[in-house]
Amino acid sequence: YGSAFTPTLSSDGKYMVYGSRYEEKTGLVLRDLISGDENWLAYPIQRDEQESVASLGVLPAMAFTPDNKEVLASYGGKIYRIPVSGDNAIEIPFEVDVALAIGPKLDFKYPISDDAEMFANQIRNPKTSPDGKQIVFNALNKLYVMRLPDGKPKRLTKMDLNEMQPNWSPDGKEIVYTTWSDIDGGHLYKVSAKGGKPMQLTTSSALYNTPVWDAKTNRIVFTKGSAQNFKNAYTRGAFSGGEDLAWISS
C-alpha cells in the first residue's frame with residue numbers, strides 16, 4: 001500500500017529507508033532488516049514523482065551517516081538529519097551563492113468569446129465528395145458539409161454526440177460516420193449529404209473507426225475495437241487491444 005521507492009541501505013546492513021505514500025502524502029519508512037519491523041521515519045515530506053516519468057528519480061536520494069545513526073535527506077527545500085531512534089529531524093543550515101539565468105516571461109493571451117459563433121482553428125477528417133464539389137469535415141467534434149471552394153459550412157446533424165471520421169457514399173448522396181459517447185460508447189451512422197435525421201447502422205457498442213463505403217458491393221468496411229478497452233484508457237493512460245476488420249450492409 002502506497003508503493004515503495006528510492007531504497008537506501010545502512011552500511012552495517014541493519015536498516016533500509018524507502019519512500020512510500022499514506023493517503024495523499026509521501027513519507028520515509030524505516031525498516032529493520034533483522035526483525036522486519038517498520039516505522040515512519042519522517043511524514044509527511046515532499047510529494048514523490050510516481051505519476052510522472054521521474055527522469056530525476058521518484059524521490060531525492062538519501063544517505064546514512066557513517067555511524068548509521070541518522071539519515072540525511074532533503075525535502076521542502078531544506079536538508080535534514082533524521083535520527084534512526086525516532087527523535088525529531090534536525091535541519092542542516094546552508095547557504096548557496098548562485099547566479100541563475102532566467103528567460104523572458106511568456107504570457108499568451110487567449111481570450112474566450114461569449115459570441116454565438118466562433119472561429120474553428122482546426123478541422124479534422126476532411127473528405128471531398130466524389131464529384132469534387134463538396135467537402136465534409138469534423139470541427140469541435142461535430143460534422144459539417146461545405147461547398148467548394150468558399151461555401152458556408154453547414155452542420156450535418158443535430159446529434160448530441162461526438163461525430164467523427166466521415167466518408168461519402170459512392171454516389172455522393174449519403175455520408176457514413178462514427179460516433180462516441182461516454183455513456184453509450186460508439187456506433188456507425190449514415191445521413192443524407194443534405195443533412196437530416198441520421199440512421200444508426202450498428203446495434204452493438206464498440207470503437208468504430210475509418211469507415212469506407214465500397215461502390216461495387218454496397219458494403220461499408222471499418223475497423224471495430226472494444227469499447228471497454230477505450231474506456232479503460234481514460235484511467236490507464238493508454239489504449240490497448242486488438243481491432244477487427246469488419247463490414248456491414250449500407
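Computed from the coordinates by the stated procedures, all read-outs in this text should not be read as laboratory data. The structure presented is a predicted model; accordingly, all values stated were derived computationally and were not measured. So basically every Cβ, Gly included, is an ideal-geometry build from the backbone, and we count neighbours across all protein chains shown.
Give me the Debye-computed log₁₀ of I(q)/I(0) at q = 0.07 Å⁻¹ for the chain, equal point scatterers on Cα only, no solvent, two decimals.
Listed by q, the Debye log ratios stand at -0.52.
Once the convex hull of the alpha carbons of the stretch 101-250 is built, what does its volume come to per residue, in cubic angstrom?
In the stretch 101-250, the Cα convex hull volume per residue is 187 Å³.
Between Val96 and Ile34, what FRET efficiency comes out of the Förster formula 1/(1 + (r/R0)^6) with R0 = 45 Å and r the beta carbon distance, rounded to 0.05?
Calculated value: 0.70.
Charges on Cβ only, +1 for Lys and Arg, -1 for Asp and Glu, centred on the Cα centroid of the chain; of Tyr15, Tyr43, Thr128, which one is farthest towards the dipole's positive end?
The residue sitting farthest along the positive end of the dipole is Thr128.
Can you give me the C-alpha center-to-center distance between the stretch 1-15 and the stretch 138-211, rounded to a whole angstrom?
Their Cα centres are 57 Å away from one another.
Cα extents of the stretch 1-150 along the three principal axes, largest first, in whole Å?
Projected onto its principal axes, the Cα set of the stretch 1-150 covers 83, 41, 26 Å.
Straight-line reach from Lys197: which lysines have a Cα under 28 Å away, not including same-chain ones fewer than 8 places off?
In chain and number order, the partners are Lys127, Lys133, Lys142, Lys152, Lys154, Lys158, Lys173, Lys216, Lys224, Lys231.
How long are the semi-axes of the equivalent ellipsoid of the stretch 1-83, defined as square roots of 5 times the Cα gyration tensor eigenvalues? Whole Å, largest first.
Here the semi-axes work out to 20, 15, 12 Å.
Given q = 0.14, 0.16, 0.19, 0.25 Å⁻¹, what are the Debye log10 I(q)/I(0) values for the stretch 85-174, with equal point scatterers placed on the Cα positions and solvent ignored?
With no solvent term, the Cα-only Debye profile gives -0.68, -0.81, -0.98, -1.33.
Can you report the principal axis dimensions of the stretch 50-97 using only the alpha carbons, biggest first, rounded to whole angstrom?
Taking the Cα atoms of the stretch 50-97, the three principal extents are 33, 29, 19 Å.
How much length would be gained if the chain were fully extended between Lys69 and Ile112, taking 0.36 nm per residue of separation minus their Cα-Cα distance, in nm to one decimal?
Between Lys69 and Ile112, full extension yields an extra 9.6 nm.
Would you kindly give the portion of the calculated P(r) for the stretch 156-223 that falls above 13 Å, as a percent of all Cα pairs?
In whole percent, the long-distance tail amounts to 60.
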